[in-house]
Amino acid sequence: MGGTSGRLNNDIWGWTDSQSGREFALVGRMDGTSFVEVTDPFNPVYIGNLPSHNGGVAVWRDIKVNGDYAYIVADSIAHGLQIFDLTALRDAAPGTNFSNTPGNPDAPNGYHLFHHSSFTGAHNIAINEQTNFAYVVGAASPDRGLRFLDLSNPIKPMEAGVFSADGYTHDTQVTIYNGPDATYDGR
């Protein structure tokens with residue numbers, strides 16, 4: 001599925017194209033991300049490869065989706081956040097090698113990839129689609145803490161806060177409370 005032979009896969013997420021209903025698996029590898037169409041689960045089609053931001057290798061890569069964008073982090077390398085416009089998959093021929101050179105988010109001009117660099121590497125990412133916020137966990141440089149990113153502009157996230165008092169945040173689950181205790185509803 002693209003990348004260097006013998007590299008291991010380490011994560012998977014999905015995206016359904018709202019225009020066509022086509023379904024795609026987004027597969028994290030040690031050296032990048034693969035895109036596989038799984039609309040027909042008995043006949044998956046390898047669509048393409050997005051190499052790691054800096055060409056490096058990481059044991060862990062995590063991917064989450066918000067709207068038509070994949071947000072990709074990688075642990076232990078100077079990777080930052082890759083932001084991939086998934087609509088590029090609509091017309092991509094099987095076996096496409098997507099460029100890992102990011103475009104300018106102030107003048108996108110048809111680019112499919114953008115980059116955010118307020119941190120170097122990260123272990124994981126969670127996204128609350130209701131609020132358009134991403135939560136980057138285990139973010140390196142300097143603290144391995146939790147970073148909050150406002151995704152109102154999906155290709156140009158704005159850092160909205162940092163929590164690093166615990167020394168290291170490994171994982172998170174993000175939700176808006178809607179339970180029996182009315183004191184916390186909507187939080």
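The values are calculated or read from the model by the stated rules, or taken from the named source; none is laboratory data. This is a predicted model, so every value here is computed, not measured. Counting neighbours? That spans all protein chains shown, and the Cβs are built from the backbone with ideal geometry, glycine included. All accessible areas refer to the heavy atoms of the entire protein, side chains included, with ligands and DNA or RNA removed. Shrake-Rupley method; radii C 1.70, N 1.55, O 1.52, S 1.80 Å.
Show the residue pairs that are 6+ apart or on different chains and have beta-carbon atoms under 6 Å apart, the first residue being within segment 109-127 and surrounded by fewer than 21 Cβ atoms within 10 Å (Cβ to Cβ), the second being at pLDDT below 90 and among the small types (Gly, Ala, Ser).
120/78; 120/140; 120/141
Here is a list of conditions, (1) assigned to a loop (DSSP other than H, G, I, E, B); (2) over 20 Å from residue 26 (Cβ atoms); (3) open to solvent by 60 Å² or more (accessible area, probe 1.4 Å); (4) not acidic (Asp, Glu), and residue 105 meets all of them except one; can you say which number that is?
Failed condition: (3).
This table checks each residue for (1) part of a loop (DSSP other than H, G, I, E, B); (2) touching a strand residue (DSSP E or B) at 6+ places or on another chain (Cβ under 7 Å).
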| position | (1), (2) |
| --- | --- |
| 121 | yes, yes |
| 135 | no, yes |
| 152 | yes, no |
| 161 | no, yes |
| 165 | yes, no |
| 179 | yes, no |
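Can you spot a residue in segment 82-90 that is in contact with a Phe, Trp or Tyr (Cβ under 9 Å, 6 or more places away or on another chain), open to solvent by 50 Å² or more (accessible area, probe 1.4 Å) and of a type outside the set (Ser, Thr, Tyr)?
Checked segment 82-90: no residue is in contact with a Phe, Trp or Tyr (Cβ under 9 Å, 6 or more places away or on another chain), open to solvent by 50 Å² or more (accessible area, probe 1.4 Å) and of a type outside the set (Ser, Thr, Tyr).
Out of segment 26-38, which residues are surrounded by fewer than 21 Cβ atoms within 10 Å (Cβ to Cβ), of a type outside the set (D, E, K, R) and either at pLDDT 95 or above or in contact with a helix residue (DSSP H, G or I) (Cβ under 9 Å, 6 or more places away or on another chain) (or both)?
Matches in segment 26-38: 34, 36, 38.
Among (1) in contact (Cβ under 8 Å) with a residue 24 or more places away in the chain; (2) touching a strand residue (DSSP E or B) at 6+ places or on another chain (Cβ under 7 Å); (3) open to solvent by 10 Å² or more (accessible area, probe 1.4 Å), which single condition is residue 23 missing?
With respect to (1) in contact (Cβ under 8 Å) with a residue 24 or more places away in the chain; (2) touching a strand residue (DSSP E or B) at 6+ places or on another chain (Cβ under 7 Å); (3) open to solvent by 10 Å² or more (accessible area, probe 1.4 Å), residue 23 is out only on (1).
Filter segment 39-52 down to residues that are open to solvent by 50 Å² or more (accessible area, probe 1.4 Å) and either among the basic types (Lys, Arg) or in a loop (DSSP other than H, G, I, E, B) (or both), then give me how many there are.
Residues meeting the conditions: 6.
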